[in-house]
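The values are calculated or read from the model by the stated rules, or taken from the named source; none is laboratory data. Only a predicted model underlies this, so the values are computations on that prediction, with no experimental measurement involved. Cβ atoms come from the backbone with ideal geometry, glycine included; neighbour counts cover every protein chain shown.
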Amino acid sequence: MDFYFGLAQIIGVHTLIGLSAYIVLLTGQVSLAQAGFFAVGAYVAGMLTVLAGWAILPALAASSLLGALVAGAVGFPALRVKGLMLVIATLAFGEAVRLFFFNFDYQVAKGGVKLGPLGGEGFRQIRYFPENGWTTMDVMLFIWIFVVLVMAILWWFDRSRYGAVLRAVGEDELAAQSVGLNLTAVKVSAMTIGGAIAGLGGGIYAHYTTHIEHASFGILLATFALAYPILGGLGSVFGTVVAAIFVQGFLIEGLRFLGDWRNLLFGALIVLAMNVRPKGFLDAPTLQWIRRLFGGKSGAA
Amino acid sequence: MALLELKNVSRRFGGVRAVDGLDLAIEPGQIFGLIGPNGSGKSTTVNLISGLFPLTSGSIVFQNEDLDKLPTHLRLQTGIARTFQNIRLFGQLTVWQNLWVAQNSPADRAKRGFFSRWLGGQSGVREEISQLLEFSGLAHRQDELAANLAFGEQRRLELARALATRPKLVLLDEPAAGMNTEEISQLRERILKIRAQGTTVLLVEHVMELVMGVTDRIAVLNFGQKIAEGSPVEIQADAAVRKAYLGGDA
Amino acid sequence: MLDLLQSTSDGILFGATYALIGIGFTLVFGVMHKLNLSYAAASVGGAYCGLLVLKVFAGAPPLAVFFCAFLAGGLLGYVVYLACFHFIPISNPLATLMATVGMLLLIDEVIVHQTDGMPLNYPAMFDDVMLRAGEFTLRGDLLMVFVVSILCMAGLLALLYRTRLGLATRAVSQQTVAAQLCGIRVGQVNAMTFVVTGLLGGIAGAMIGASVGTLSPLLTTPLTVKGLIVTVIGGLGSIPGAIIAGLLVGGFESVLQQYRGVTERDLYVMLLLFVFLVFRPGGLFAPKGGRD
C-alpha cells in the first residue's frame, strides 16, 4: 500500500508543477522556468525546516512566497521577449537556477552534524516528516489537500473574469489591449501565481524525497511541467491532473517492467501525442462537448 | 468643443507617408465618416487614434487631453473603443466571455470593487451584458464559442464588444465589409442607436450605401491627405473626390 | 595577459562549433518560424553514430568517423522533420515545440541506453600538432575544428546563395504562401532544411568530440542551451549573426573558465543571455523584414 501512497505523492507534486505551467500557458507564455521556481521553493523550504527549525506550514508559505517573488521578477523582462524567444529565455533561466544550486553551499552544524545544501552533493537529510512521525499516508493526504486547494483556486479563476482575461490575452494580445486590458499586469500576475504554485510544489517535494540535488531540477522536470497542461489540454485544470496521472501513473509505474526504457517512452509518447492530438486531450471544443453531455450551463467555458 | 481632434497628424513608415498632415475635428454626438481609396490612410488613422502606432508628428487630443503619452489600453479606458477590419474576436471564449472581458470602463470600476470585478461570478455583470446581447441580437448564442459563430454574428459581436467598454467614441473599421443589403440596413439602425445612446461614432468605410446613409459629416482621404470634408451631399458633388474615388465624371 | 589571449583564442576556435549549432537553430527558425529544440541532441547523436564506423572497421581513420557523423546527422535531421513537423499542422506552434522536446528526450535516452551512460573516446586529428609563437600556442586539433567548421559554413552559404534549393529556401523563409503559389514545394524545402542543418549538426558534434576528446550524453543539455544563446545573441534567423555570436560565446566561455572555473562558467553564459534579451532582444543582426 505504501507503494501506491508514494506514487500518489509523486503524482500530486507533479500536478502542482503542471498547474504552475498551466496558468502561465493560458496567457500565451510558454515557460520552461517553472522547474527553476520549483527548485527555489525546494531549497528554501528545506533550509527553513532543517536549519531554522520552522514548522512545515510556515516553511511552505515562505517557499511559495519566494517562488512568487522570483517569478514576478522574471515576469517583467519576460515581457520584452515574445514567443519562441521566451521559451529560450525561460530555458536559460531554469538552467541558471540549477547551476546556482550546483554551486551553492550553506551548511550549519546541528548537533554535531553539518546540515544544509552542499553544491553538487545536494541537500540531504530533510527529515521533517519522519522526525515528526508522519506516515506515508499522512504525507500523501497532506500533498493532495494542497493539490485540491490549488485546483479549486484555479478552477475558480477559470470561472471568473480573470480566467477569461488570461485566455483573451493568450489568444490575441492586440484585441486584448484594444478592450482596455493591461497586458503587463495580466502576464506578470500569471507568472507570479505560477511561481507561487511551483514554489509550493518544490517545498513539498523537498520534504517527501528528503534529499534534493540540482540535477532533479533540469530540463526533464521543466518539460514535465509543460507537458502536463499541453497533453491535458488548456481547456480546464482537470486536463493537467489527468495528464499527470496518466504520465506518472500509467506510463512510468505501469510500464515499470520495461525498466530503463520508460524514460525513452516518455519522449516518444510526447512526439506521438503531438502528432495525433496537437491540442491536447481536453481542449475547448472537447470541453464544450463534455459540458453539453452533462446538460450545459451558461457562462464560463 | 470637439470630442476628438487630430492636429497636423503624420505617420511615416520608412519612406511612406501613410498619413500626412491630417486635421480632423469630431464633435460629440456626431457620426463622422472617413472614406478614401485603398491605401489612403484610413486604417492607419484609426490605429493612430487607438494608440497602436506612435505619431511621427502632430497631436491627437481627446476631451482636451493630449493622447500622446497614453498607452493603448489606457486610451481605451478613457473612452475610445474600436473594431477591427479583420475581426479579432477571442475565438476560444464564448460570446458571453468576449463581452465580459471588456468590462473595463471607469463606470465598471466605480460600480464594483477590485475583487468583485476580477474574481466575482457572472451575476454581477449579468445586466450589462444582457443589454449588449439584446442590442446585437446574440442573446440566444451567448454560450457559443466565438469561433463557431456565423460571419454576420461575429461582426455583431465585434461591435458589441467595442461597446462593452462604454466608450464615448467608437471607431468602426470597415464594419460593413462582406455584408448584404439587409445586414447593412440593420447595421445602419444599430449605428443610429449607438449615437442615440450618446456615443460618438467615427466610421471608416468603403460601402457607400452605408456611409452616405448614416453619417453627418464625411472626410475624404487620398494618399494620407485630406482632400475634402463636408456633408454627404457636398462630398458626393465634390469634383476632386469624384476623380480620386467615387468614379470620375462618368 | 598572455593567458587571456591564449584562452580567448582557444575559445574562439572552439566557438566555431557553437556557431554551427547556432546556425542550425537559426536556419530552421528562419525558414519555418519554429524552434527545433532537439537539434543539439541530434548533433551529438550524429557524432555518436560516427563512432559506429570504428565498431565495424576498428582502425578506421578519424576522417571516416567524421564523415559518418556528417551523414548520420543529416539522416537524423530528416527523422526529426518527419516526427515533429511534417504531420503536425503549422497553426499549432505549441505542439511542434513540445514534439521537439519529446524528440530531445528520446534521443538523449537512446544515447544513454546504447552507451550505458559512459563517456566514449572520440578520435581527433592533428592533436599532436602545436603551432607556437613564443609562449602562445595554437593547438592543431582546435585549428582543424575551426577550419572544418568554417568550410561547412562556407558550403552552407554557397548552397543558400548559389543554388536553386537555396533560392527556394530563402523564398519560403520570406513568404511561405507566395512561395507555394510560385510552385515551390514547401514541404520538400522544409525537409531539406532539416537535412542540411542535420548534416551541419553532425559535423559540429563530431568536431566537439574531436576537440574535447570524449563524447558524453551529458553534453546535450548544455549544448542545447548554449546553441540557443548563440542563436538569440546573433539574432533569430540571421546566419552571420550566429557565426559571430558563436565565436563570441566560445571566447567568452573560455575566458570565464580560465578565471572562474568550470562550474561557474556556465552560469555566466546564461547571464550573458539575459543581458542580451533585456537590452537587445533582436540580437546583433536581427534580420530585416523578419516575420514576427
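In region B:42-69, how many residues are under 19 Å from B:Ala176 (Cβ atoms) and away from every other protein chain (no Cβ under 14 Å)?
Number satisfying all stated conditions: 2.
What helices (runs of 4 or more DSSP H), lying completely within region C:130-203, carry at least 3 residues that are hydrophobic (A, V, I, L, M, F, W, C), in contact with a Leu (Cβ under 6 Å, 6 or more places away or on another chain) and touching a residue at least 60 places away in the same chain (Cβ under 8 Å)?
Ranges flagged: C:140-162.
Looking at region B:60-75 only, could you name the residues that are farther than 30 Å from A:Pro285 by Cβ and part of a helix (DSSP H, G or I)? Give the steps one after another, and end with the answer.
Going residue by residue through region B:60-75, those that are farther than 30 Å from A:Pro285 by Cβ are B:60-72, B:74-75.
Correct list: B:Thr72, B:Leu74, B:Arg75.
When you check B:Leu172 against the structure, is it within 14 Å of chain A (Cβ to nearest Cβ) and farther than 20 Å from B:Ala81 by Cα, yes or no?
Taking the combined requirement at face value, the residue does not satisfy it.
Would you check if B:Ile235 is in the same structural domain as B:Ile35 (by TED's automatic domain parsing), buried (at least 23 other Cβ atoms within 10 Å of the Cβ) and in contact with a Pro (Cβ under 8 Å, 6 or more places away or on another chain)?
Spelling it out, it is not the case that B:Ile235 is in the same structural domain as B:Ile35 (by TED's automatic domain parsing), buried (at least 23 other Cβ atoms within 10 Å of the Cβ) and in contact with a Pro (Cβ under 8 Å, 6 or more places away or on another chain).
Evaluate region A:110-131: report whether one residue or more is surrounded by fewer than 22 Cβ atoms within 10 Å (Cβ to Cβ), β-branched (Val, Ile, Thr) and within 14 Å of chain B (Cβ to nearest Cβ).
No, every residue in region A:110-131 fails to be surrounded by fewer than 22 Cβ atoms within 10 Å (Cβ to Cβ), β-branched (Val, Ile, Thr) and within 14 Å of chain B (Cβ to nearest Cβ).
Within region A:202-237, work out how many residues are away from chain C (no Cβ under 14 Å), part of a helix (DSSP H, G or I) and in contact with a Phe, Trp or Tyr (Cβ under 8 Å, 6 or more places away or on another chain).
7
Tell me the residue from C:Gly73, C:Gly59 that is among the small types (Gly, Ala, Ser) and either touching a helix residue (DSSP H, G or I) at 6+ places or on another chain (Cβ under 7 Å) or assigned to a helix (DSSP H, G or I) (or both), please.
Numbers: C:Gly59 fails: either touching a helix residue (DSSP H, G or I) at 6+ places or on another chain (Cβ under 7 Å) or assigned to a helix (DSSP H, G or I) (or both).
Just a single option satisfies the conditions, and that option is C:Gly73.
All but one of (1) touching a Cys at 6+ places or on another chain (Cβ under 6 Å); (2) surrounded by fewer than 24 Cβ atoms within 10 Å (Cβ to Cβ) hold for C:Leu5; which doesn't?
The failed condition is (1).
Condition first: surrounded by 12 or more Cβ atoms within 10 Å (Cβ to Cβ), aromatic (Phe, Trp, Tyr) and over 20 Å from the mean Cα position of the chain (by Cα). Now tell me which residues in region C:99-139 satisfy that.
Listed by number, the list holds a single entry, C:Phe126.
I'd like the full set of residues that are crowded, with 21+ Cβ neighbours inside 10 Å and either part of a helix (DSSP H, G or I) or in contact with a Lys or Arg (Cβ under 8 Å, 6 or more places away or on another chain) (or both), limited to region B:187-210.
Residues of region B:187-210 crowded, with 21+ Cβ neighbours inside 10 Å: B:187, B:191, B:199-205, B:210.
Those that are crowded, with 21+ Cβ neighbours inside 10 Å and either part of a helix (DSSP H, G or I) or in contact with a Lys or Arg (Cβ under 8 Å, 6 or more places away or on another chain) (or both): B:Leu187, B:Ile191, B:Thr199, B:Thr200, B:Val201, B:Val204, B:Leu210.
Scan region C:77-89 and report the pairs whose first residue is without any contact (Cβ under 8 Å) to a residue 24 or more places away in the chain and whose second residue is part of a loop (DSSP other than H, G, I, E, B), with Cβ atoms within less than 7 Å and a gap of 6+ or a chain change.
Qualifying pairs under 7 Å: C:Ile88/A:Pro278; C:Pro89/A:Pro278.
What's the number of the only condition in (1) touching a helix residue (DSSP H, G or I) at 6+ places or on another chain (Cβ under 8 Å); (2) outside any helix (DSSP H, G or I) that C:Gly22 fails to meet?
(2)
Picking from B:Leu119, B:Leu133, B:Leu145, which residue would you name as being at pLDDT below 85, surrounded by fewer than 22 Cβ atoms within 10 Å (Cβ to Cβ) and within 14 Å of another protein chain (Cβ to nearest Cβ)?
B:Leu119 is the lone residue from the list that is at pLDDT below 85, surrounded by fewer than 22 Cβ atoms within 10 Å (Cβ to Cβ) and within 14 Å of another protein chain (Cβ to nearest Cβ).
From the list A:Val150, A:Val169, A:Val165, A:Val97, which residue is more than 14 Å from chain B (Cβ to nearest Cβ), under 27 Å from B:Gly121 (Cα atoms) and in a helix (DSSP H, G or I)? Step through it out loud before you land on a result.
Working: A:Val169 fails: more than 14 Å from chain B (Cβ to nearest Cβ); A:Val165 fails: more than 14 Å from chain B (Cβ to nearest Cβ); A:Val97 fails: under 27 Å from B:Gly121 (Cα atoms).
Matching residue, one of A:Val150, A:Val169, A:Val165, A:Val97: A:Val150.
Go through region B:1-22 and give me each residue that's assigned to a loop (DSSP other than H, G, I, E, B) and aliphatic (A, V, I, L, M).
Once the filter is applied, which keeps residues that are assigned to a loop (DSSP other than H, G, I, E, B) and aliphatic (A, V, I, L, M), region B:1-22 yields B:Met1, B:Ala2, B:Leu3.
Any chance region C:76-94 includes a residue that's small (Gly, Ala, Ser) and surrounded by fewer than 21 Cβ atoms within 10 Å (Cβ to Cβ)?
Looking for residues that are small (Gly, Ala, Ser) and surrounded by fewer than 21 Cβ atoms within 10 Å (Cβ to Cβ), one finds at least one in region C:76-94, hence yes.
Considering only region B:96-111, state which residues are at the interface with chain A (Cβ under 10 Å from one of its Cβ atoms) and either among the aliphatic types (A, V, I, L, M) or outside any helix (DSSP H, G or I) (or both).
B:Leu99, B:Val101, B:Ala102, B:Gln103, B:Asn104, B:Ser105
Would you please name the residue that is surrounded by the most Cβ atoms within 10 Å (Cβ to Cβ), looking only at residues in region B:30-55 that are in a loop (DSSP other than H, G, I, E, B) and out of contact with any Phe, Trp or Tyr (no Cβ under 9 Å at 6 or more places or on another chain)?
Residue satisfying both the conditions and the ranking: B:Gly51.
From the list C:Thr214, C:Thr220, C:Thr263, which one is free of Cβ contacts under 8 Å to residues at least 60 places away in the same chain and of a type in the set (Ser, Thr, Tyr)?
Within the list C:Thr214, C:Thr220, C:Thr263, the selection yields C:Thr263.
Is region C:20-35 home to any residue that is among the aliphatic types (A, V, I, L, M), under 17 Å from C:Ala204 (Cα atoms) and surrounded by fewer than 24 Cβ atoms within 10 Å (Cβ to Cβ)?
Looking for residues that are among the aliphatic types (A, V, I, L, M), under 17 Å from C:Ala204 (Cα atoms) and surrounded by fewer than 24 Cβ atoms within 10 Å (Cβ to Cβ), one finds none in region C:20-35, hence no.
For region B:215-226, does any single residue satisfy the condition of being more than 27 Å from B:Arg156 (Cβ to Cβ) and either at pLDDT below 85 or assigned to a loop (DSSP other than H, G, I, E, B) (or both)?
Yes, region B:215-226 contains a residue that is more than 27 Å from B:Arg156 (Cβ to Cβ) and either at pLDDT below 85 or assigned to a loop (DSSP other than H, G, I, E, B) (or both).
Quick check, is B:Gly79 touching a Pro at 6+ places or on another chain (Cβ under 8 Å) and either more than 7 Å from chain A (Cβ to nearest Cβ) or exposed (fewer than 14 other Cβ atoms within 10 Å of the Cβ) (or both)?
yes
Quick one: what pairs do we get from region B:99-125, first residue closer than 17 Å to A:Arg159 by Cβ, second assigned to a helix (DSSP H, G or I) and among the β-branched types (Val, Ile, Thr), C-beta under 7 Å, 6+ apart or different chains?
From region B:99-125, the pairs are B:Leu99/B:Ile129; B:Trp100/B:Val125; B:Trp100/B:Ile129; B:Val101/A:Val165; B:Gln103/B:Val125.
How many of the residues in region A:100-109 are facing chain C (nearest Cβ under 7 Å) and either farther than 12 Å from A:Ser216 by Cα or under 20 Å from the mean Cα position of the chain (by Cα) (or both)?
Result for region A:100-109: 2.
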